[in-house]
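Some notes on the structure that comes next.
The values are calculated or read from the model by the stated rules, or taken from the named source; none is laboratory data. Please read these numbers as outputs of a predicted model, since none were measured by experiment. Using ideal geometry, Cβ is built from the backbone for each residue, glycine included, and neighbour counts are taken over all protein chains shown. For accessibility, only protein heavy atoms count, side chains too; no ligands or nucleic acids. Shrake-Rupley method; radii C 1.70, N 1.55, O 1.52, S 1.80 Å.
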Amino acid sequence: MDVRQLRYFLAVVDHQGFNRAAEKLLIAQPSLSQAIKTLEQEAGVPLFHRVGRRAVLSEAGKALVGPARLVVRDLEAAQSAMADVKGVRSGRLELIAMPSPGVEPLTTMIATYARLHPSITVSTDAAFTVDDVVSSVRNGSSEVGILGSDRPIRVPDVDVLQLERQPLVLIVNPQADDFGDRDVISPQDLDGHRVVVSQRGSLMRSLVDNVLASGIKVEIVVEVAHRTSVLPLVLAGVGHSVMPLSWAPLARQSGLRVVHIEPVSELHVAILSRQANLTPAAKAFLGVARDYAASRIDHIG
């Protein structure tokens with residue numbers, strides 16, 4: 001079993017089949033199939049069940065995914081470290097981010113990182129839950145993760161850097177703005193209003209659900225999984241939306257009004273990373289993150 005075989009195995013997993021994996025790897029599909037067959041023979045167990053044209057992971061295959069990612073990631077870390085010693089600064093940084101922190105502070109940190117390390121390619125994957133981010137960092141799919149939660153997060157065996165706290169704000173539907181010139185509203189002020197919400201499990205949705213539970217009549221008009229849909233829906237007059245402060249600059253640039261909500265609910269934003277064998281690219285990004293956190297020290301607890 002060698003690293004090339006593990007790369008091929010992960011390509012089939014990530015691209016959900018041999019044809020697309022072969023295209024991504026720029027090799028012939030029969031060559032890829034033979035490499036996986038050899039790997040299965042060496043492992044002594046089938047790694048995939050062939051169902052028509054689909055390749056479905058066997059139990060042994062599922063067990064191999066995590067260790068395979070760690071082996072490949074550790075090799076990449078070793079190669080990057082050697083390249084760094086020789087003064088080579090090119091490479092790739094793989095991140096995973098939840099939607100709101102993926103707007104800010106990730107944009108600011110990537111902008112700084114790109115100026116300092118212009119030859120590094122940054123790849124950002126999407127996650128919708130805290131568990132998604134933790135799992136991706138732990139299994140080596142991503143070196144660095146950024147997430148938001150309703151409280152400061154602690155994760156065993158993973159380094160956590162608290163970045164900031166983002167208060168929740170209301171992005172106001174311009175067709176139903178009866179809040180006057182106030183910059184601050186209370187949940188009671190939402191009585192009778194229509195709102196666009198994210199799916200259950202997010203802090204933003206929890207605030208709306210708590211408002212409803214208290215007897216305030218708020219109408220949920222649209223529930224969206226993709227936060228990128230929120231601002232267009234508010235602009236279209238569908239409803240207001242409760243979002244973290246990270247969305248306020250984009251909302252204002254779009255011509256929307258943003259008001260604060262009291263009492264304040266806050267999204268706690270943090271960076272996660274493996275505790276060992278990080279690539280130089282990842283270490284450099286964590287340096288940018290630490291500088292950002294230091295600049296926001298009054299916003300984190």
(message) So, in the stretch 124-146, how many residues would count as being of a type in the set (D, E, K, R), surrounded by fewer than 21 Cβ atoms within 10 Å (Cβ to Cβ) and either within 13 Å of the chain's Cα centre (by Cα) or within 20 Å of residue 290 (Cα to Cα) (or both)?
(response) 3
(message) Testing residue 263 on (1) at pLDDT 95 or above; (2) surrounded by fewer than 22 Cβ atoms within 10 Å (Cβ to Cβ); (3) of a type outside the set (A, V, I, L, M), one condition comes back false. Which one is that?
(response) (1)
(request) Specify the residue that is farthest from residue 243 (Cα to Cα); the eligible residues are those in the stretch 101-123 that are open to solvent by 50 Å² or more (accessible area, probe 1.4 Å) and of a type in the set (Val, Ile, Thr). (result) 121
(message) As an exercise: evaluate residue 279 against (1) in contact with a Lys or Arg (Cβ under 9 Å, 6 or more places away or on another chain); (2) surrounded by fewer than 17 Cβ atoms within 10 Å (Cβ to Cβ); (3) of a type outside the set (A, V, I, L, M, F, W, C) and give the number of the one condition it does not meet.
(response) (2)
(message) One residue is enough: does the stretch 201-211 have a residue meeting the conditions open to solvent by 50 Å² or more (accessible area, probe 1.4 Å) and touching a strand residue (DSSP E or B) at 6+ places or on another chain (Cβ under 8 Å)?
(response) no
(message) For the stretch 50-66, give me each residue that is of a type outside the set (Val, Ile, Thr), open to solvent by less than 70 Å² (accessible area, probe 1.4 Å) and at pLDDT below 90.
(response) 55, 66
(request) For the stretch 157-214, enumerate the residues that are among the small types (Gly, Ala, Ser) and more than 26 Å from the chain's Cα centre (by Cα). (result) 176, 180, 186, 192, 213, 214
(message) Can you tell me which of (1) touching a Lys or Arg at 6+ places or on another chain (Cβ under 9 Å); (2) part of a loop (DSSP other than H, G, I, E, B) is the one residue 259 doesn't meet?
(response) (2)
(request) Could you give me the residue pairs with C-beta distances under 7 Å whose first residue belongs to the stretch 199-225 and is within 15 Å of residue 99 (Cβ to Cβ), whose second residue is polar (S, T, N, Q) wherever it lies, and which are 6+ apart or on separate chains? (result) 201/129; 203/265; 204/198; 205/198; 205/199; 223/199; 224/198; 225/199
(request) Would you check which residues across the stretch 136-164 are basic (Lys, Arg) and part of a loop (DSSP other than H, G, I, E, B) and list them? (result) 151, 154
(request) Hey, could you check the stretch 249-258 for residues that are hydrophobic (A, V, I, L, M, F, W, C) and surrounded by fewer than 20 Cβ atoms within 10 Å (Cβ to Cβ) and say which is nearest to residue 190 (Cα to Cα)? (result) 258
(message) Looking only at the stretch 214-228, count every residue that is under 23 Å from residue 126 (Cα atoms) and surrounded by 14 or more Cβ atoms within 10 Å (Cβ to Cβ) and tell me the total.
(response) 3
(message) Given (1) within 25 Å of residue 154 (Cβ to Cβ); (2) modelled with pLDDT of 90 or more, identify the lone condition not met by residue 47.
(response) (1)
